[in-house]
Amino acid sequence: MLKKNAETIVSIKDVHKSFGQLEVLKGVSLDVKKGEVICVIGPSGSGKSTLIRCINGLNDIQGGQINVCGIDLTDPKLDKLELRKRVGMVFQQYNLFPHKTALENIIMAPTLVLKQDKAASEKRAFELMQKVRLEGKEHAYPGELSGGQQQRVAIARSLAMNPDVMLFDEVTAALDPETVKEVLVTIKDLAQEGMTCILVTHEMGFAREVADHIYFTDNGVIVEHGSPKTFFNKAKDPRTKEFLSQIL
Amino acid sequence: MYEPVQQGKILSGIWMTIKLSFFCLILSVVIGIVGAFAQGSKIRILRSFVQGYIQFFRNTPPYVQLLFFYFALGQFTPTYSPDGWLELPIISNVGWAIISLSFFAGAFNVEIFRAGIEAVADSTKEAAESLGFSRFQTFRYVIFPLAIRVCLPSLNNNLINLVKTTTQAFGIAVPELLYQSVTIWNDYPSAQYPTMLLVFVVYILLVGVLVLSMNTWEKNLRIPGYGQ
C-alpha cells in the first residue's frame, strides 16, 4: 500500500519543543507522503501528542522546521486559517460542541470559516453522517450519543472541511473496547480512500494492519521507525523491544 | 392610594423604576459580556483596564458612585438650552443613574461571565481553533453559548440586586418608586405605613417577574444530555 513517488505532504525536520524547562521534543524528523498512513506509538509522556499538535499549530515549536502542504509553520506571517483548512484534527475527548446537534457540529466550520452555503453544507453533512455510519442521529445532541458515536461525529466534523491531512490524537483512548472498533473501522475506510492520516495510538493491532509506516518515540526522540512488518518483527533498538514485549 | 395625586405619584414611580431597571439590566449585561471578552484579549493594556474598572466599581459603594457621577462628573458635561434661559446638562439625573448603576452591576457581571467562560473546557476551545474559527467566532459561537448556561444562576442573583439598588437613585432625586413614596408620606403622614407596605409589595412583584423570566430562560437553554 506504500505510495511511492507521491509528493511529501508533511515534512518535519529536527523539531524542538519545550514547555518551560521541560524539553518534550528533542529533534524529531519525519516525512509523510500523500495518501500515507503513519502511526506514532510510544509510552506516555514521550512527546507523541505534542508532535501532532505541532503539525496543526496548536503548539508552536522552538526549533527546527515543519512544512505542511507547502505552508511553513515557522513563518512569522503564518496564516493559521489556511493551515487549519488543510489539516483536520480529532481529539481523544471528542470535543464536540455540546450545545449543537451532530449535524450543526458538522456544518459550523464550513459555514462560518469557509463561508459555504448552508444548504450545501447540510447536504454534505448528511453524506458524512452516512459515511461514519450514523445516519438517523443527525439531530441528536452529543450528550445523547455514546463515546464512539461522538468520536465518529468528530471525525465527520473534521472531514467537512475537506482537509488534505487528518490528525488523530489517541482517538480511541477514552472508549471502551467494543466502541473502539467502530471508530477504527471509520478511520480504516478513510485510509483506504487515500486520505493522509497521522495517528497517535496505542492500538497495536490497528497500527500493524493499517499503517504504512510506524514511528516509535521515547523521551522526545524517534527511537525507531519502519514498516509494520519490520517494526513488529525485527525491532532493533532495546527500548523498542522492551516496549513491544510489554504490550504484545 | 385613594387620592389621584398619590396614585399618580406611585404609578409614575413604578414606571421610572421599571425603566431604570430595564436599561441598567441591558447595559450591565452588555458591559459584562464585552468586559469578559476583553479580559481574554492579548492586549495587556486592555486587560489591565478591565481589571482596574472591576476593582474600582466593585470596591466602592454604589451610592457613592452615584453621587460622584452626578455631582462630580455632572459638572463637566456640556449643557444645552431649550429656551435661551435655562441651562440643562445633556445627561439628566436619570441618565447618570442609568450610567452609574450599569457600570456598578457591570463590574460584577464581568466577573460572573469570566467564571462561565473559564468553565468552558480548553479542549473545546482547541477544537474550535483547529477547525479554523477566529477568536471572535470561537467566543460568539462556542464559548459564550456554553458560558451563559453556567453563569445564569449567579447572573440572576446580580440582576436581582441591581433592581433593588435602583432605589439608591433616590439620592440624586430620580423620581423612582422610593422617591415618590417618600414624598407621599412626607406630605401625608397618615399614608406612611400603607405606602411602605406597597413599596415592599411592588418590589416583590418586580423581582418576582425577573426571577420567573430568568428561570424560564434557563430552562429553555437546557441541552439534552448535558450538564444534568
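The values are calculated or read from the model by the stated rules, or taken from the named source; none is laboratory data. Model, not experiment: these values are computed from the prediction. For neighbour counting, all protein chains shown are included, and Cβ atoms are generated from backbone atoms with ideal geometry for every residue, glycine included.
Things to note:
- Picking from residues in segment A:118-143 that are outside any loop (DSSP other than H, G, I, E, B) and within 22 Å of the chain's Cα centre (by Cα), the one that is nearest to B:PHE139 (Cα to Cα) is A:PRO142.
- Total residues in segment B:18-46 satisfying the condition of being among the basic types (Lys, Arg) and touching a helix residue (DSSP H, G or I) at 6+ places or on another chain (Cβ under 6 Å): the figure is 0.
- For beta carbons closer than 8 Å, sequence separation of 6+ or different chains, a first residue in segment B:120-143 that is over 13 Å from A:GLN92 (Cβ atoms) and more than 7 Å from every other protein chain (Cβ to nearest Cβ) and a second that is surrounded by fewer than 21 Cβ atoms within 10 Å (Cβ to Cβ) and basic (Lys, Arg), the qualifying pairs are B:THR138/B:LYS125; B:ILE143/B:LYS125.
- Only residues that are closer than 28 Å to B:PHE71 by Cβ and among the β-branched types (Val, Ile, Thr) were counted in segment B:168-217, giving 6.
- Checking A:LEU83, A:LEU96, A:LEU134 one by one, the residue that is in contact with a Lys or Arg (Cβ under 8 Å, 6 or more places away or on another chain), within 14 Å of chain B (Cβ to nearest Cβ), under 30 Å from A:GLU209 (Cα atoms) and touching a residue at least 12 places away in the same chain (Cβ under 8 Å) is A:LEU96 and no other.
- Restricted to segment A:42-63, and to residues there that are more than 8 Å from chain B (Cβ to nearest Cβ) and touching a Ser or Thr at 6+ places or on another chain (Cβ under 8 Å), the residue that is nearest to A:GLU224 (Cα to Cα) is A:GLY42.
- Selected residue (criterion: nearest to the other protein chains (Cβ to nearest Cβ)) from residues of segment B:159-170 that are surrounded by 22 or more Cβ atoms within 10 Å (Cβ to Cβ) and either of a type in the set (S, T, N, Q) or over 16 Å from the mean Cα position of the chain (by Cα) (or both): B:THR166
- In segment A:144-155, the qualifying residues are those that are within 14 Å of another protein chain (Cβ to nearest Cβ) and assigned to a helix (DSSP H, G or I), and the one that is modelled with the lowest pLDDT is A:GLY147.
- Options A:ILE66, A:ILE71; residue that is crowded, with 16+ Cβ neighbours inside 10 Å and more than 14 Å from chain B (Cβ to nearest Cβ): A:ILE66
- Pairing residues of segment B:209-227 that are within 14 Å of chain A (Cβ to nearest Cβ) and farther than 12 Å from A:LYS100 by Cα with residues that are of a type in the set (D, E, K, R) and in a helix (DSSP H, G or I), at Cβ distances under 7 Å and at least 6 apart in sequence or on separate chains, gives B:GLY227/B:ARG149.
- Meets criteria (on the phi < 0 side of the Ramachandran plot and either surrounded by fewer than 16 Cβ atoms within 10 Å (Cβ to Cβ) or within 14 Å of chain A (Cβ to nearest Cβ) (or both)) for B:SER154: no
- Residue in segment A:109-117 that is out of contact with any Pro (no Cβ under 8 Å at 6 or more places or on another chain), in a loop (DSSP other than H, G, I, E, B) and away from chain B (no Cβ under 14 Å) present: yes
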